[in-house]
Amino acid sequence: VGAGKSTFASALALQTHGVHVALDEWFVALFSPDRPAENFVPWYIERKERLLGLIWNHSQRILASGADAILELGLIQRQRRVAFGRQVQDEGFELLVHVLDAPLDVCRERVQRRNVEKGSTFSMVVPEHVFEMASRLWEPPDDIESREFAIEFVSVS
């Protein structure tokens, strides 16, 4: 959270004439009004899984049109990320994963600023405890994942 995924994906879409599809944008539009005040993690995970399927179906139509699908999915845990990557490859598509690396304090400051300014990359307020939880859950690609998929590490500050 706060590493610069939205900014990077938007710029990449312009550069490649691709279509940027951001999970958070879709999630907020479809589900945020119904978000429970308590115990929202299981609620979120169930909807995220359904939304990933919908986004992948939409992405296949984008790819069939000849454009690149620039997916900003925030797959922070290795198992889900690998499963999605294998699905893409099993269906005959090329996959290039960009991993944005920014210091934790920089990410935290960006999220706090975005929460207040609500600029172009704002989709929802990210409370401090959610930022901390997501940061703890982040699993960077390991050697096995890096051999299985084309991964580009992008250092941002």
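Quick note: the coordinates plus some simple rules give every number you see, no bench work behind them. A quick note: this is a predicted structure, and the numbers were derived from the prediction, not measured. FYI the Cβ positions are ideal-geometry reconstructions off the backbone, even for glycines, and counts take in every protein chain you see.
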**Item:** Residues listed by number, region 108-126, amide nitrogen under 18 Å from L14 label point at 7 Å toward C-beta
**Value:** 119-122
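Based on DSSP loop calls and a cut-off of at most 13 other Cβ atoms within 10 Å, the longest stretch of the chain free of exposed GluC sites (Glu not before Pro) is what? Mind showing how you got there, number by number?
Numbers: sites that count: E38, E91, E94.
It runs 95-157.
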**Asked** Can you give the Rg and Dmax of region 37-77 based on its C-alpha atoms, in angstrom?
**Response** 13.1, 43
**Request:** Quick one: which residues, 5+ away or cross-chain, put their amide H under 5 Å from the amide H of V19? H built at 1.01 Å from N.
**Result:** D68, A69, I70
**Asked** To the nearest 20 debye, what charge dipole does the chain have about its Cα centre, counting +1 at the Cβ of each Lys and Arg and -1 at the Cβ of each Asp and Glu?
**Response** 340 debye
**Complete:** Taking Cα pairs closer than 8 Å and at least 6 residues apart, the relative contact order of the chain in percent is 34 percent
**Item:** Net length gained if the chain between R50 and D143 were fully extended (0.36 nm per residue, minus Cα distance)
**Value:** 30.6 nm
**Item:** region 66-157: Cα Rg divided by the 2.2 N^0.38 Å rule of thumb
**Value:** 1.22
**Asked** Using the Karplus equation 6.51 cos²θ - 1.76 cosθ + 1.60 (θ = phi - 60°), what ³J(HN,Hα) coupling, rounded to whole Hz, does each residue of region 34-44 give in order, writing x for Gly and Pro?
**Response** 9, 5, x, 6, 10, 6, 7, 4, x, 4, 5
**Request:** Kindly list the residues of region 39-78 that lie in the label zone of R86, defined by a backbone N under 15 Å from the point 7 Å along the Cα-to-C-beta vector.
**Result:** 78
**Message:** I'd like to know which of A102, V130, L71 lies farthest towards the positive end of the charge dipole of region 49-149, counting +1 on Cβ of Lys and Arg and -1 on Cβ of Asp and Glu.
**Reply:** V130
**Asked** Can you list, bin by bin at 10 Å, the percent of alpha carbon pairs in the chain, starting at 0?
**Response** 9, 38, 40, 12, 0
**Asked** Want the number for I62 to M133: 0.36 nm per residue separation, take away the alpha-carbon distance, what's left?
**Response** 22.3 nm
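Under 12 Å from the Cβ of L96, count the other residues' Cβ atoms, weight Lys and Arg +1, Asp and Glu -1, and hand me the total. If you can, show how the numbers build up before the last one.
Details: positive: none; negative: D68, E94, E152.
Here the charged neighbours net out to -3.
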**Message:** Run lengths n ≥ 4 of DSSP H only: what is the helix-derived mean residue ellipticity at 222 nm for the chain, with -39500 (n - 2.57) per run over all residues, to the nearest 500?
**Reply:** -18000 deg cm²/dmol
